[in-house]
1. Is it true that some residue in the range 58-80 is closer than 21 Å to GLN187 by Cα, small (Gly, Ala, Ser) and over 25 Å from the mean Cα position of the chain (by Cα)?
2. Which of the residues belonging to the range 84-134 are of a type in the set (Ser, Thr, Tyr) and either in contact with a His (Cβ under 8 Å, 6 or more places away or on another chain) or open to solvent by less than 10 Å² (accessible area, probe 1.4 Å) (or both)?
3. Could you please find all residues in the range 135-164 being buried (at least 18 other Cβ atoms within 10 Å of the Cβ) and assigned to a strand (DSSP E or B)?
4. When only residues in the range 82-124 that are assigned to a loop (DSSP other than H, G, I, E, B) and modelled with pLDDT under 85 count, which is farthest from GLU183 (Cα to Cα)?
5. Restricting the first residue to the range 146-172 and requiring it to be more than 18 Å from SER111 (Cα to Cα), which pairs with a second residue that is open to solvent by 40 Å² or more (accessible area, probe 1.4 Å) and in a strand (DSSP E or B) meet a Cβ separation below 8 Å and a spacing of at least six or different chains?
6. Looking only at the range 169-195, which residues are farther than 17 Å from LYS70 by Cα, out of contact with any Phe, Trp or Tyr (no Cβ under 9 Å at 6 or more places or on another chain) and not in a loop (DSSP other than H, G, I, E, B)?
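The values are calculated or read from the model by the stated rules, or taken from the named source; none is laboratory data. This structure is a prediction, so every number in the text was calculated from the model and none was measured. All Cβ positions, glycine included, derive from the backbone under ideal geometry; neighbour counts span all protein chains shown. Accessible surface is based on the protein model in full, side chains and every heavy atom, while ligands, DNA and RNA are left aside. Shrake-Rupley method; radii C 1.70, N 1.55, O 1.52, S 1.80 Å.
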Amino acid sequence: MSKKTNFFWASYADLMTSLFFIMLVLFVLTVVMMKRQSKATEEQLKKIVEIQNSVKELDTKYFSYQEEYKRFTLKEQIQFDPANSKIKDEYKDYLLDVGKNIESLIVRLQSEYKNNDIKYMIIIEGMASKDNYQYNDNLSYQRALSLLKLWDSNNIHFDPNFCELQVAGSGIRGVGRYSGKDETKNQQFLIQIIPKIGKIENQDN
């Protein structure tokens, strides 16, 4: 075999050896990156679950959480006069305590998750009972609005940069309603607190 042939095979072997080590390094780097990504994904998932569960920390003195419908109801039954959206004086202190409790939770969450792109949406939903009143849709909205006005007039506010507040009325529709002799109990408020999750930073960042 000539020297040129020997040189060719030696160079070829060196090239293949170099390519092998390059591929090996790339493989190792890929595995390491995948493991890190998997760890980051698991940590982010845990953080998301933690954030979602944080809204359940409202005071059970005022709130009852319905797991089936993923919503809060007030423990005290708020009753309105027929076709009326005015909150009775006997409920005002209780509803003010409710607002202060939500405000306190939102302030704490704002501090706790200040390094993450997290916002919250609070939905006050008014309801109405099936009583043949023609304007139950508007009435249920006005009932929710009356609660917002009560909070506003008593300096219970939510930072709009962190918390979006919406007022809604479901009329005589919706899930988990009372029926039969308990139909009038549908004259109530429902409160939804929904996390709006953006970018979740890794703990190592």
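1. no
2. If we filter the range 84-134 for residues that are of a type in the set (Ser, Thr, Tyr), which is where we start, we get 85, 91, 94, 104, 111, 113, 120, 129, 133.
Residues satisfying the conditions are TYR113, TYR120, SER129.
3. CYS163
4. Residues of the range 82-124 assigned to a loop (DSSP other than H, G, I, E, B): 82-88, 113-117.
Those still in the list that are modelled with pLDDT under 85 too: 82, 113-117.
Working: PRO82: 13, TYR113: 41, LYS114: 43, ASN115: 45, ASN116: 43, ASP117: 41 Å.
Across the range 82-124, the extreme among qualifying residues is ASN115.
5. Qualifying pairs under 8 Å: LEU148/LEU165.
6. The answer is GLY180, LYS181, ASP182, GLU183.
Okay, residues lined up against (1) over 20 Å from the mean Cα position of the chain (by Cα); (2) under 23 Å from GLU68 (Cα atoms):
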| site | (1), (2) |
| --- | --- |
| ASN116 | no, no |
| MET121 | no, yes |
| MET127 | yes, yes |
| LEU139 | yes, no |
